[in-house]
1. Just the residues that are touching a strand residue (DSSP E or B) at 6+ places or on another chain (Cβ under 7 Å) and among the basic types (Lys, Arg), please, taken from the stretch 143-171.
2. If Ser156 satisfies every condition in (1) hydroxyl-bearing (Ser, Thr, Tyr); (2) within 20 Å of Lys36 (Cβ to Cβ); (3) modelled with pLDDT under 95 but one, which is the exception?
3. Applying the selection to the stretch 21-38, what residues are outside any strand (DSSP E or B) and within 17 Å of the chain's Cα centre (by Cα)?
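The values are calculated or read from the model by the stated rules, or taken from the named source; none is laboratory data. These figures come from a predicted structure and were not determined experimentally. Because the Cβ atoms are built from the backbone with ideal geometry, glycine has one as well, and the counts that use them run over all protein chains shown.
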Amino acid sequence: MDETLVDQIIEAARLAPTSAGLQPFNVIVISNPVLKAEISPIALNQPQITESSHLLVFASWDKMDNERMEEMYQYIYSQRSLPFDKNMDVMQNLRNLFATFTDEQQYHHSAKQAHIGFGMAIAAAAELGVDATPMEGFDKEALDELLDLPAHGLKSVTLLALGRRDEKTDWLYRLKKVRLPMDRFVISLG
């Protein structure tokens, strides 16, 4: 698949809004067929893993630690040519908030942020005409170990397989897309 399309999809994830602007996740891009084959059994042998041209792994911070938050704010403020002390109250509020969270709650918070980026990526793929399959059916601990994510303070959240479907062999291709009708999907409280 054209790398410029993949770059545009990743850029959509990178530019996604996140809580407090912290962007507590990374996207790991895998196009190596050998590595995708190693991931396949970890991901229930779903064919999209090996058939995709690119597999995006959305991985979030394992916890919301003060050092990473401060590093991100230093970067933000340096890019905006603002003094770092301008955000000390925000930093302290974040430290106070996350100090009340368990490590698991901190991971869940960052994972939710990764899902925002994931949503932007899959929407960008649709807009660009790239087939994308969202995937959460995988052994996260095994994938984390394979990709050495703990060494980077990351945990996997979700996968996004990108590519072009084979219209001749994809049995779903010609079938109607089925979702709840609007009157069952939307609950209006007027």
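1. Within the stretch 143-171, Lys155, Arg164, Arg165 qualify.
2. Of everything listed in (1) hydroxyl-bearing (Ser, Thr, Tyr); (2) within 20 Å of Lys36 (Cβ to Cβ); (3) modelled with pLDDT under 95, Ser156 misses just condition (3).
3. Let us first name the residues in the stretch 21-38 that are outside any strand (DSSP E or B), namely 21-24, 31-38.
If the condition is that a residue be outside any strand (DSSP E or B) and within 17 Å of the chain's Cα centre (by Cα), then Gly21, Leu22, Gln23, Pro24, Ser31 are the ones that fit.
Let's see how each residue does on (1) over 19 Å from Lys112 (Cα atoms); (2) of a type in the set (Val, Ile, Thr):
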site	(1), (2)
Thr4	yes, yes
Ile9	no, yes
Ile28	no, yes
Val34	yes, yes
Glu38	yes, no
Gln48	yes, no
His54	yes, no
Phe58	no, no
